[in-house]
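To start, the structure under review is shown below, and the notes come after it.
The values are calculated or read from the model by the stated rules, or taken from the named source; none is laboratory data. Treat the numbers as computed from the prediction; the structure is a model and nothing was measured. Every residue, glycine among them, receives a Cβ derived from its backbone with ideal geometry; neighbour counts consider all protein chains shown.
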Amino acid sequence: MVVQYPTQTKRRDDWLIDHASEWLGSVLAERGLGHVDGHDRGKRISDGALVVNIFARVSDAEAGCTAAMSALRQGRADERRATIAHRADDGDTWTVRYARTSGRLPGEFSL
């Protein structure tokens, strides 16, 4: 699973990575669904837009995405600017569960 945000400033991105990762990890652990597995900051492959990605390993993709949105809302971690997507461990296709409603990036979701 991935939570993706469009970048802002380095300071804001760093805060968001720390804050959202903490809340996400806490809620996933509390629900027994998984854990945060890292993050990156860079350009999307599809269009070069700058993004922050927070990755998590989850046992149930749909429940994990729902828990992720709940965590972002609880932690006030810019949930409206987040896109939350998942894929199978051996898959190449991402399924967007929650699309951002603010700070939209052009085009389809990609890492």
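The set of residues in segment 61-111 that are surrounded by 15 or more Cβ atoms within 10 Å (Cβ to Cβ) and acidic (D, E) comprises D78, E79. Output the residue which, of all residues in segment 1-13 that are touching a residue at least 60 places away in the same chain (Cβ under 8 Å) and either charged (D, E, K, R) or surrounded by 21 or more Cβ atoms within 10 Å (Cβ to Cβ) (or both), is farthest from W94 (Cα to Cα). The residue in question is Y5.
Looking at segment 60-81, is at least one residue hydrophobic (A, V, I, L, M, F, W, C) and farther than 18 Å from V27 by Cβ? So far as segment 60-81 goes, no, none of its residues is hydrophobic (A, V, I, L, M, F, W, C) and farther than 18 Å from V27 by Cβ. Among the residues of segment 1-36, those identified as more than 12 Å from the chain's Cα centre (by Cα) and β-branched (V, I, T) are T7, T9, V27.
If you check L24, L16, L28 for being modelled with pLDDT under 95, surrounded by 14 or more Cβ atoms within 10 Å (Cβ to Cβ) and among the hydrophobic types (A, V, I, L, M, F, W, C), only one passes: L16. Within segment 60-111, the set of residues being of a type outside the set (G, A, S), over 14 Å from the mean Cα position of the chain (by Cα) and more than 18 Å from Q8 (Cα to Cα) comprises D60, Q74, D89, D90, D92, T93, E108. Looking at segment 38-49, can you tell me whether even one residue there is surrounded by 21 or more Cβ atoms within 10 Å (Cβ to Cβ) and either at pLDDT 95 or above or not aliphatic (A, V, I, L, M) (or both)? Within segment 38-49, none of the residues are surrounded by 21 or more Cβ atoms within 10 Å (Cβ to Cβ) and either at pLDDT 95 or above or not aliphatic (A, V, I, L, M) (or both).
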